[in-house]
1. Please determine, by comparing only the residues of region B:61-77 that are in contact (Cβ under 8 Å) with a residue 12 or more places away in the chain, hydrophobic (A, V, I, L, M, F, W, C) and out of contact with any helix residue (DSSP H, G or I) (no Cβ under 6 Å at 6 or more places or on another chain), which one is nearest to the other protein chains (Cβ to nearest Cβ).
2. Given the residues B:ILE64, B:ILE26, which is the only one that is of a type in the set (Val, Ile, Thr) and either crowded, with 17+ Cβ neighbours inside 10 Å or at pLDDT below 90 (or both)?
3. Filter region A:255-276 down to the residues that are away from chain B (no Cβ under 11 Å) and in contact with a Phe, Trp or Tyr (Cβ under 7 Å, 6 or more places away or on another chain) and list them by number.
4. Just name the residue that is surrounded by the fewest Cβ atoms within 10 Å (Cβ to Cβ) out of those in region B:33-60 that are out of contact with any Ser or Thr (no Cβ under 9 Å at 6 or more places or on another chain) and more than 11 Å from every other protein chain (Cβ to nearest Cβ).
5. Return a yes/no flag: does region B:81-88 have any residue that is out of contact with any His (no Cβ under 9 Å at 6 or more places or on another chain), surrounded by fewer than 18 Cβ atoms within 10 Å (Cβ to Cβ) and within 20 Å of B:ASN146 (Cβ to Cβ).
6. If we keep just the residues of region B:78-113 that are touching a residue at least 12 places away in the same chain (Cβ under 8 Å) and over 22 Å from the mean Cα position of the chain (by Cα), which is farthest from A:GLY83 (Cα to Cα)?
7. In region B:164-195, what residues are in contact with a helix residue (DSSP H, G or I) (Cβ under 7 Å, 6 or more places away or on another chain) and at pLDDT below 75?
8. If we scan region B:170-180, do we find a residue that is farther than 19 Å from B:GLY43 by Cα and in a strand (DSSP E or B)?
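The values are calculated or read from the model by the stated rules, or taken from the named source; none is laboratory data. What you see is a predicted model; the values in this text were computed from it and never measured. Glycine also receives a Cβ, built like all others from the backbone with ideal geometry; neighbour counts cover every protein chain displayed.
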Amino acid sequence: MLGKLLKYEWRSSWRVIAAMNCFLILVTLLGIFSFRSTIIQSDNQALNILGVLTLIFYYLSIVVISVAVLIYMALRFYRNLYGDEGYLMHTLPVTASQHIISKILVAVGSYLVTLIVIILSVFSLAFSLFSAIDPTVDISGEISKGWEAVLPAIREAINMPLWLYFTLFAIGCVISLFSSVLMIYASISIGQMFVKHKVMGSILAYIGIYILEQTVMSYIALPQSISSMVNNTSEEMSLSAVLNSSFLSSFIISAIFGVGFYIVTLVLMKKKLNMD
Amino acid sequence: MENLVEIVGLTKVYEGRKLAVDNMNITIPRGKIIGLLGPNGSGKTTLIKMMNGLLTPTAGKVLINGFEPGVESKKKIAYLPEKTYLQNSMKVSEVVDFFGDFYDDFAKDRAYSMLQALKIDSTSKMKTLSKGTKEKVQLILVMSRNADLYILDEPIAGVDPAARDYILKTIITNYNENATILLSTHLISDIENILDDVIFIRDGQIILCSTVEAIREQKGKSVDAFFREVFAC
């Protein structure tokens, strides 16, 4: 049943996600075109202004799309499970956990796809920008040279193999993403218990949970970083300790909160469903 | 054979509102077409939602085939809510596939023959259909299942009389004799002829549970006339 839910969830969501990503690609192409023409004719005032405006538009587009994907996923969760469509979804012979897992997998997958498109977009824009400024420069060669120059410092700072650091970092980011989406689901599930103003209830629940999570993060992660700084006398050691301990502990806290959000969503959907 | 539905001490109190269902006890047998009749706000829909697991009871329990509302009960109940619950972006044929995917007892050929009889184009998107046509599609989907219990909440309210006749005929011809249909409505005269039993409900309480024949014989009235008398304002 989970496979079937995933299939229909993806079928219902992919068009919107694809449209958002196509928009990003379009804005990137517009940016590349605009920057190149600005740089080639740098004495043209109007083109310079256009270039700055394009840069602002590009930046805003990335911010808006990365938030819009999350908002769309939140709306989809609300409408599909707690709106009128919920009358069908909750009478299908599937469990609450299958509903939540199918939604979260598609949401996180869509977000990761969007994230990859954003990263590629920024790189291709930067690449085209540099090659427009000086077409003779070997950009990839320059990047690898620069990379080699800073690599020893990074190695020293993180105090562990580079591949391990990046793997841990990637896993941590995905965990944080799961946790962020589950936080939205938990808030919506709390909001649907309100007799009236379900959306307002969800937003208030989200703000409340967010403050709680941030408070816990700052109480646990910050003193840990400070103590590791104080306990280590050598300067390099302290930097690596702070880096490692703060990001590891924030990912662990994210994971714990994520499990908590999942349990809250599951219990509320199972025991407190209120389709009125 | 055991009863299909057992409801014991079922109560629902909405927060800050009145008692919607008040300590209700009833058993529903197999093989009957039962009218759940009561004025607006009497608790019909609340009762139906609790049977489907869409609302959590404040107290008491519902058992369907011996199971509390959950995966097992949902396999056996074909439920038609008052709401339009199909995704607007889907085509009619896609919602037919959707039902076929999730319900093992769904008969696609039956669904397509009913769609054809009511001249509904299966390639149309749901959002292009009128409200009445959407209701017909939903009713067709629900009645195309071979369920043990059909729960139809106001199934004929928004449908034109010609289609209403077809749908009622479909209800009678399609269901197997071990299945029960629970039909909630206040348009009693339209469905009176197909009902075996009636349940009258007022202020969240069952005030009468009887066969249609008994009402006609003992009261000398149609169910519609008797309903008007009982619920006279």
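1. Within region B:61-77, the match that is nearest to the other protein chains (Cβ to nearest Cβ) is B:ILE77.
2. Criteria check complete, one pass: B:ILE64.
3. Selection gives A:GLY258, A:PHE261, A:THR265.
4. Initially, region B:33-60 is screened for residues out of contact with any Ser or Thr (no Cβ under 9 Å at 6 or more places or on another chain), giving B:39-43, B:46, B:49, B:56.
If we keep only those that are more than 11 Å from every other protein chain (Cβ to nearest Cβ) as well, we get B:39-43.
Details: B:PRO39: 15, B:ASN40: 7, B:GLY41: 13, B:SER42: 23, B:GLY43: 24.
Per the stated criteria, the residue is B:ASN40.
5. Looking through region B:81-88, none of the residues is out of contact with any His (no Cβ under 9 Å at 6 or more places or on another chain), surrounded by fewer than 18 Cβ atoms within 10 Å (Cβ to Cβ) and within 20 Å of B:ASN146 (Cβ to Cβ).
6. First, the residues of region B:78-113 that are touching a residue at least 12 places away in the same chain (Cβ under 8 Å): B:78-82, B:84-93, B:95-96, B:99, B:103-108, B:110-112.
From the residues that got through so far, the ones that are over 22 Å from the mean Cα position of the chain (by Cα) too are B:88-91, B:93.
Values: B:ASN88: 13, B:SER89: 15, B:MET90: 17, B:LYS91: 20, B:SER93: 23 Å.
Among residues in region B:78-113 that are touching a residue at least 12 places away in the same chain (Cβ under 8 Å) and over 22 Å from the mean Cα position of the chain (by Cα), the one farthest from A:GLY83 (Cα to Cα) is B:SER93.
7. Correct list: B:ARG164, B:ILE167, B:LEU168, B:ILE171, B:ASN174.
8. Yes, some residue in region B:170-180 is farther than 19 Å from B:GLY43 by Cα and in a strand (DSSP E or B).
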